[in-house]
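Inspection log for the structure reproduced underneath, given as structure tokens.
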Amino acid sequence: MNEMLEPGGNARRLLLRRALAAGIIVAIGSHKAKAAEAQIVVDNFTFSPTPLNVKVGTTVTWVNHDDIPHSIVCPTLKVKSHPMDTDESFTYTFDQAGTYDYICGLHPHMHGQVVVAA
Amino acid sequence: MSIDPNLQRRGFLKCMTWAGTAMVWTVAGGVPRSRLIGSAEAAGNDFTFVQISDSHLGFDKPANTNVTATLQEALDNVGKLPNKPAFMIHTGDITHLSKPAQFDTAAQLCGGTKLTMHTVPGEHDILEEDGKSYLNRFGKGTKGDGWYSFDAGGVHFIGLVNVVNLQGNGLGSLGHDQLEWLEDDVKPLTASTPIVVFAHVPLWVVYQDWGWGTSDGAQALSYLKKFGSVTVLNGHIHQTLQKVEGNVAFHTARSTAFPQPAPGSAKSPGPMVVPAGELKQYLGIASVKLVSSKAPLAIVDTSLAG
């Protein structure tokens, strides 16, 4: 069975993550950049950008701008998001390098790809 | 669940020019014939049933902000039929997001017709609990993901599920288990038995780029070759398309909720916002009849108004 991931509370989690990252940077006085983030927009039944090129550790957020729900299904990662209704989002952090193809679970003619570099 | 009393009748009637219409099927001499509710009908004793589709309860975007009202109107029209239908078929996307409240509204509204409703799920009906929220309400006594068959009026009806575990080829899928069941289900039937198959996504490929088709639909149809009359009823594409191929007649029903563009006529198959007053000129109004022969497909526009 595919893993089910909750789309709700993404914004709050993102803010918390940012706050934590900022706090850690202040605490250790490091010049290290905070965790990388990227966004994929779902509009007119297409994912954009695709492919999305990111580094390992990047948190990717899909945001749905259509009037119809979409979901993210990536068989390689066994990831299956909950349906994202209009303006809802889903986040996933890519921990392993690789090329990940995904589709919309409701409209499988919608294809996207995330390329994760080490 | 009650209908919003503040719904403005004028806006509502505008919606009703393209939505909220059910299809009535009459079986005469083993051949089902369809017509939209509202066209002239004399009372009689023919075996009839009604098809509705894509009610998308819970949808509230500009294409139709009150899908409950348009479904109710369709059901009211069913109730006014002089020849009482034997039952109703809903070809899926009963709800928009598979929410319990949306299923409840559907059950209450459709229950108001006092007609038995036979359903198959659309992809919007299986978004929660891996489809169990649908199966627990509408799929009792069915097999697998919700497929089944029954006999009525001398016709063998087969409800198929082609919206589960969709793959990267973009099309609907029946899967091995369901196909095996189908082959066994029809084996004992005589070739003269009229067959009606209903499923959400069109069993034939209407438009591949938008995923409007079923990847293994042809295999399912191959099991039905021996039958003299096969009628395939689908929804999903929110517009009327008809095609006849040999002994198989394919029909898609309009949505009771909102129209979608004709295949390939827009950037995407998203809900179509229809300008008030110009609705009948739009694609959701005309039905397209695809008639297949040895020649390439011919498209014959049929105005719903005419």
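So the values come out like this:
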| quantity | calculated |
| --- | --- |
| Region B:53-108 - residue that is in a loop (DSSP other than H, G, I, E, B) and among the β-branched types (Val, Ile, Thr) and, of those, farthest from the other protein chains (Cβ to nearest Cβ) | B:Thr91 |
| Hits in region B:198-226 - residues which are more than 18 Å from B:Gly122 (Cα to Cα) and aromatic (Phe, Trp, Tyr) | B:Tyr223 |
| All positions within region A:65-87 that are closer than 21 Å to B:Asn165 by Cα and of a type in the set (S, T, N, Q) | A:Ser71, A:Thr76, A:Ser81 |
| Qualifying residues in region B:183-200 (those that are without any contact (Cβ under 8 Å) to a residue 60 or more places away in the chain and within 20 Å of the chain's Cα centre (by Cα)) - the one nearest to B:Asp93 (Cα to Cα) | B:Val197 |
| Tally of residues being closer than 30 Å to A:Asp85 by Cβ, basic (Lys, Arg) and either free of Cβ contacts under 8 Å to residues at least 60 places away in the same chain or touching a Pro at 6+ places or on another chain (Cβ under 8 Å) (or both) across region B:229-271 | 1 |
| Residue count for region B:139-176, restricted to those that are assigned to a loop (DSSP other than H, G, I, E, B) and touching a residue at least 60 places away in the same chain (Cβ under 8 Å) | 3 |
| Every pair of residues 6+ apart whose Cβ atoms lie under 7 Å, when the first sits in region A:94-110 and is of a type in the set (Gly, Ala, Ser) while the second is crowded, with 22+ Cβ neighbours inside 10 Å and assigned to a loop (DSSP other than H, G, I, E, B) | A:Gly105/A:Ser71; A:Gly105/B:Leu166 |
| Residue in region B:245-255 that is within 14 Å of another protein chain (Cβ to nearest Cβ) and under 19 Å from the mean Cα position of the chain (by Cα) present | yes |
| Selection within region B:232-244 - surrounded by fewer than 24 Cβ atoms within 10 Å (Cβ to Cβ) and either within 12 Å of another protein chain (Cβ to nearest Cβ) or part of a strand (DSSP E or B) (or both) | B:Leu241, B:Gln242, B:Lys243, B:Val244 |
| One residue from B:Gln72, B:Gln51 being closer than 26 Å to B:Asn162 by Cβ and at pLDDT 85 or above | B:Gln51 |
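Here's the yes/no breakdown for (1) away from chain B (no Cβ under 11 Å); (2) in a loop (DSSP other than H, G, I, E, B):
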| position | (1), (2) |
| --- | --- |
| A:Ala35 | yes, yes |
| A:Thr50 | yes, yes |
| A:Asn53 | yes, no |
| A:Trp62 | yes, no |
| A:Ile68 | no, yes |
| A:Thr99 | yes, no |
| A:Val114 | yes, no |
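The values are calculated or read from the model by the stated rules, or taken from the named source; none is laboratory data. Computed from a predicted structure; not experimentally measured. Quick reminder, even Gly has a Cβ in these numbers, built from the backbone with ideal geometry, and neighbours come from all protein chains shown.
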